[in-house]
Amino acid sequence: MADLSINLAGIKSPNPFWLASAPPTNSGYQVQRAFEAGWGGAVWKTLGEPILNVSSRFAAISFNGQRVAGFNNIELITDRPLEVNLKEIYETKKRFPDRALVASLMVEPKREKWHEIVKKVEAVGVDGLELNFGCPHGMAERGMGSASGQVPALVEQQTYWVKEVAQTPVIVKLTPNITDITATAEAAVKGGADAISMINTINSLMGVDLDTWNPIPHVAGKGAHGGYCGPAVKPIALNMVAECARHPRIHVPISGMGGVSSWKEAVEFMLMGATGVQVCTAVMHHGFRIIEDMLDGLNHYLDEKGIASVIDLVGKSVHKYSDWGDLDLNYKVAARIDTDKCINCNKCYIACEDASHQCIDRLKDAGGKEYLKVREADCVGCNLCSIVCPVDGAIEMVEVPSEHPPMTWNERQAAIGVLASCNIDTK
Amino acid sequence: MNISLLDLKKNFQEVTAGLTDREAIEEANRCLYCYDAPCVKACPTGIDIPAFIKKIASGNLKGSAKTIMLSNPVGASCARVCPTEELCEGACVLNHSTKPIKIGHLQRYATDWAMRNDAVLFQAGKKNGKTVAIVGAGPAGLSAARELARIGYDVTIFEAQQEAGGLNTFGIVSFRLPRHVSLWEVNQVKRLGVDIRTGVKVGKDVTAQELLEQYDAVVLAVGMSKVPMLGIEGEELDGVYDAIEFIKETKTKPLTNRFVGKKVVVIGAGNTAIDGATCSVRLGAENVKILYRRTKEEMTAYDFEYEFAKQDGVEFRWLTAPKRIIGDESGKVTHVECVRMQLGAPDQDGRRRPMPIEGSEFFIRADVVIKAIGQTRHLDLIKEFGIEHDGGVVKVIGAHYQTSNPKVFACGDVIFGKGGGEAMVVTAAQQGKETAYAIHRYLTTLNETL
Ligand SMILES: Cc1cc2nc3c(=O)[nH]c(=O)nc-3n(C[C@H](O)[C@H](O)[C@H](O)COP(=O)(O)OP(=O)(O)OC[C@H]3O[C@@H](n4cnc5c(N)ncnc54)[C@H](O)[C@@H]3O)c2cc1C
Ligand SMILES: Cc1cc2nc3c(=O)[nH]c(=O)nc-3n(C[C@H](O)[C@H](O)[C@H](O)COP(=O)(O)O)c2cc1C
Ligand code: SF4
Ligand code: SF4
Ligand code: SF4
């Protein structure tokens, strides 16, 4: 049994799995049920001036019959009075002193508003604060959420105001609805953030009903853009975490989220630099009980790898993530088809023929039996065939030894530059 | 099934192949992960089915195997022999919309992984200084031992056979349940420090009295005994077999070719009869007939077993009872004299009583007769323990599994009453677990009152 406990900028929790600020953390009843089930921490549903919600609010994408591949909502921050939330936070922390309880906050971009709410929530014993600069709908129209979160200066300013009074660690939650998340992440760091978390939801319109022509979801026939999350957003979230993790001026811990559904994604986020993860959609889909496999699976993974503590995973893959210009141009892989495993669906053939480099041949053996073979010399190693192949292990991407030593684009450009400046006649 | 007469061993290989990785992943992802799932309630051992399936989907195979084996110490065997249509799969909510999840196959997939990887799944509890003797290392005895060891008891199992596992090791045909599966489960129990003394028959090598004196509690988990006598003429002839002994030979000795080309008659229509018949087919018998004195409706074998036997080419003769077994001068079976039956009024166990039709006698040619009309009870041993019983079925108090001697508990087939359909491995396993908890309660409260 490995040590699963983490310490994120001074916020300790017995395991790296926190509930993200969202419907599952709406009340003391829910958060306490989650803690009973084993969750290591929870970020309370965002507190602020009470708002009004609409009905309906959620929609999801089914992908080829699998429900909730992606999830979307047009819900706002908490619709319960602040006093009620504060009372329940107090009770919850008292019952579960070993768990991380973080208050998510969102108020108008005014110094006194931030000071006021920070003091109130810290008075009831939270372990940390998470500033919601991410919500993409409803609050943004009022200058809050992602409206502040998209402007680095506003992120820095508000973080600074919070830090003026905060006694507990401050996490700034970032919106992905921005061209370069490291800009706002850096602003948060400049404002004094102790940690950053990402991603909040991505602007989205889930669909249009083919019969009524209503947007999905709709409120009395009308819709508005919502926030996208769930398994489908993991690659976007993982990239943003990794970009921040490898950024030299973003040196604070990261709480990663967006599509974490099992222990596996948690491992990925942590390897890419997150100190812990937060989860919303998977719990909305299956309930708090998913934590059991998350802990069990993570434990077995660590044991199997001989890793004593989960924090030893943090950032281990970050150095492997760099810019395109730093990739070795002379490294080459090619597809190889295992005819014993191949079921002859020809999916790889047509993919390569119509959408890649026409280098799979359809051949017949001596007995007249059809088989496929990759012309390795022509294969560019794009992976497409192995991606569409339905049989595990039927197509392997094998490394082709290169005659040339490794050279990146940047090295190549530098070399050409040197050549040019030497004024050598290369013709 | 294609029977090889040259390579009999091939015929005894497991009939159903395990799921491939892809099949397992696709099936696991099809499970809805129901809350308070009906499949769990339909599993006698209450395995958290959605949880173990979710773990297959997430790639946590060790966790999956652990979830299974925690609830069911013989979960790898059960994955193969449980009548899942009647249990978990029969209750799956997807019966109503698409098709039920292949729970048994997924359970096998996860436990096969644990077997292959020699995973250590459980640890013994801190020793509490108390001792329990268990008589019989079948599913019931092993389950009780596993749970008692996890709590912290010093457990000794006495097993008459040379190997542990009970009917899982010796009685259920290899092509449904290979021995190595059962022996792996035995090993899991041994790893917890349980002392399994094989080749020791209680009542002969060690007395009941000794156990009662030396241990704080005793569990009687001896199952049932031999197949009873038919009580007809010719039963002693050469070529008449007890089905359980017959199957045991195929699981313990090199396969014999003495059945190749033979005509086999199996008497009875339960699990054992089906196993005896399909075993005969696989040993190369030319023709195998099952005689049953009632009809298909009353037979206790499950539909899937019946289908399986039919696939194997086994013929069924309903409403047919043996009257006499006839042999030649050298004492070898040649024929069975049969009589046709008809069903009369229902008897005590609710099934219609079969009655012979006078003058309907006829002969069936046979070289081999396999008796599979149920099992007798370990009466002598039960008497030696001096506990109350009903015709060899040990009486226990409700869910406490305590016999008339408060120190003696009983579980598994030894308490399986008549007319209860077919005895199942999974029920024996659950009773074993509950017996362990009952003993723990008994010994703890005893301690407190002292
Ligand atoms: C042919 C056959 C096929 C079956 N098929 C299925 C099936 O497909 N699915 C299913 O669920 N169930 C099946 N069953 C039923 C199942 O095997 C039993 O219900 C189950 O094994 C009962 O477990 P148990 O531990 O009570 O008894 P057993 O498995 O009978 O184990 C009892 C053990 O006690 C030992 N023992 C007996 N007397 C003594 C003594 N005096 N001293 C020491 N040890 C002793 C025996 O050697 C044996 O190892 C089948 C049974 C048979 C006979
Ligand atoms: C219905 C719903 C409501 C949400 N409300 C909030 C919120 O109040 N505050 C917040 O910071 N994030 C909110 N989020 C975003 C989540 O906290 C999280 O960042 C996002 O869902 C990505 O994680 P996931 O893929 O695990 O769902 C909400 C998400 C959903 C689906
Ligand atoms: S999930 Fe609950 S609150 Fe939501 S629509 Fe269904 S019944 Fe209503
Ligand atoms: S896609 Fe895979 S299975 Fe299909 S033909 Fe190609 S190699 Fe064979
Ligand atoms: S009832 Fe069927 S779908 Fe539901 S959890 Fe059980 S196996 Fe899965």
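The values are calculated or read from the model by the stated rules, or taken from the named source; none is laboratory data. Computed from a predicted model, the values in this text were never measured in an experiment. Quick reminder, even Gly has a Cβ in these numbers, built from the backbone with ideal geometry, and neighbours come from all protein chains shown. Protein only, heavy atoms only, side chains kept; ligands, DNA and RNA dropped before computing areas. Shrake-Rupley method; radii C 1.70, N 1.55, O 1.52, S 1.80 Å.
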Compactness summary of the protein assembly as shown: radius of gyration and Dmax from Cα atoms, Å, are 34.5, 119
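Below 12 angstrom from the Cβ of A:W409, what's the summed charge of the other residues (Lys, Arg +1; Asp, Glu -1)? Walk me through the numbers before you get to the answer.
Numbers: positive: A:R412; negative: A:D323, A:D326, A:D328, A:E411.
After counting each charged neighbour, the total is -3.
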Measure of exposure for A:H247: accessible area at 1.4 Å probe, Å² rounded to 10, is 40 Å²
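Kindly provide the helix-only [θ] at 222 nm of chain A, computed as the sum of -39,500 (n - 2.57) over DSSP H runs of four or more divided by all residues, to the nearest 500 deg cm²/dmol?
Roughly -9500 deg cm²/dmol at 222 nm, from the helical runs in chain A.
Considering Cα pairs under 8 angstrom that are at least six residues apart, work out the relative contact order of the range B:240-371 and quote it in whole percent.
Contact order relative to length: 27 percent.
Evaluated at 10 °C with a viscosity of 1.306 mPa s, what Stokes-Einstein diffusion coefficient in µm²/s does chain B have when Rh comes from the Kirkwood expression over alpha-carbon pairs? Working shown, then result.
Values: Rh = 23.1 Å.
It diffuses with D of about 69 µm²/s by this estimate.
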Two pseudo-spin positions, 7 Å from Cα along C-beta at B:R351 and at A:Y29, lie apart in nanometres by 5.2 nm
Note on the range B:119-161: alpha-carbon gyration tensor, axes a ≥ b ≥ c; rule is a/c under 1.5 for rounded, else prolate if a/b larger than b/c, else oblate; result oblate
Checked against a 27 Å limit on the C-alpha separation, the offending pairs among B:K226/B:K263; B:K190/B:K371; B:K253/B:K296 are B:K190/B:K371; B:K253/B:K296
Phi-derived 3J(HN,Hα) across the range A:294-304 with the Karplus relation (6.51, -1.76, 1.60, θ = phi - 60°), rounded Hz, x for Gly and Pro, is 4, 6, 4, x, 5, 4, 5, 4, 5, 4, 4
Given a 1.4 Å probe, the accessible area of the protein assembly as shown per residue, as a whole number of Å², is 45 Å²
Row for the range B:99-255, column shape: gyration tensor on C-alpha, a ≥ b ≥ c, rounded if a/c < 1.5 i.e. under 1.5, prolate if a/b over b/c, else oblate; value oblate
Here the whole-number average of other chain Cβ atoms within 10 Å per Cβ of B:48-59 is 4
With x for Gly and Pro, the residue-by-residue ³J(HN,Hα) of the range B:319-327, computed from phi through the Karplus equation 6.51 cos²θ - 1.76 cosθ + 1.60 at θ = phi - 60° and given in whole Hz, is 6, 9, 10, x, 10, 6, 9, 10, x
Partner shielding of A:260-273, taken as the mean number of other chain Cβ atoms within 10 Å, equals 1
Within 10 Å of the Cβ of an average residue in B:312-320, the count of other chain Cβ atoms is 0
Going residue by residue through the range B:362-368, the Karplus relation 6.51 cos²θ - 1.76 cosθ + 1.60 with θ = phi - 60° gives ³J(HN,Hα) values, rounded to whole Hz and with x marking Gly or Pro, of 7, 10, 10, 6, 7, 9, 9
One finds, for A:A123 and A:D79 with R0 = 25 angstrom and r their Cβ-Cβ distance, a FRET efficiency to the nearest 0.05 of 0.65
FRET efficiency (A:K320, A:L205; Cβ distance; R0 41 Å; to 0.05) is 0.70
So for R0 = 41 Å, FRET eff. of B:M1-A:E399 from the Cβ-Cβ r, to 0.05, ends up at 0.35
In whole angstrom, the spacing between the Cα centers of the range B:323-376 and the range A:175-219 equals 78 Å
For A:A37 and A:K373, extending 7 Å from Cα along the Cα-Cβ vector and measuring point to point gives, in nm, a value of 5.5 nm
Between chains B and A, total accessible area buried, probe 1.4 Å, no ligands or nucleic acids, nearest 100 Å², roughly 1300 Å²
Expected sort for A:336-347, A:68-79, B:376-387, A:318-329 on mean C-beta neighbours within 10 Å, highest first, is A:68-79, B:376-387, A:336-347, A:318-329
From DSSP H assignment alone, runs of 4+ in chain B each adding -39500 (n - 2.57), the sum over residues rounded to the nearest 500 puts [θ] at 222 nm at -10500 deg cm²/dmol
When chain B is treated as a Gaussian network with springs between alpha carbons less than 10 Å apart, the largest mean-square fluctuation among B:I357, B:I56, B:I101 is found at B:I357
In whole angstrom, the spacing between the Cα centers of the range B:211-226 and the range B:389-450 equals 11 Å
Among A:K234/A:K341; A:K12/A:K163; B:K262/B:K332; B:K62/B:K102, the pairs whose Cα-Cα distance exceeds 23 Å are A:K234/A:K341
Here the residues of the range A:375-409 whose accessible area is at least 50 Å² smaller with all protein chains than in the chain alone (probe 1.4 Å) are A:D392
Taking a crude spin-label model, label points 7 Å out from Cα along the C-beta direction, the A:M407 to B:L183 distance in nm is 6.2 nm
Listed by chain and number, the aspartates and glutamates with an alpha carbon less than 17 angstrom from that of B:K66, same-chain partners under 8 positions apart left out, are A:E292, A:D293, A:D296, A:D303, A:E304, B:D48, B:D112, B:D118, B:E147, B:E185
With a 1.4 angstrom probe the carbon and sulfur portion of accessible area for the protein assembly as shown, in percent, totals 52 percent
Of the convex hull enclosing the alpha-carbon atoms of the range B:226-277, the direction-averaged projected area in nm² is 4.1 nm²
Of the convex hull enclosing the alpha-carbon atoms of the range B:1-119, the direction-averaged projected area in nm² is 8.2 nm²
Largest fluctuation, B:D48, B:D242, B:D205 only, Gaussian network model of chain B with Cα springs under 10 angstrom, belongs to B:D205
Taking a ≥ b ≥ c as the square roots of the eigenvalues of the Cα gyration tensor, with a/c under 1.5 meaning rounded and otherwise prolate when a/b exceeds b/c and oblate if not, the range B:240-371 is oblate
Taking the alpha-carbon centre of each part, the distance from the range A:250-324 to the range B:71-85 in Å is 34 Å
Semi-axes a, b, c in Å (a largest) for chain A, each sqrt of 5 times a Cα gyration tensor eigenvalue, come to 44, 27, 23
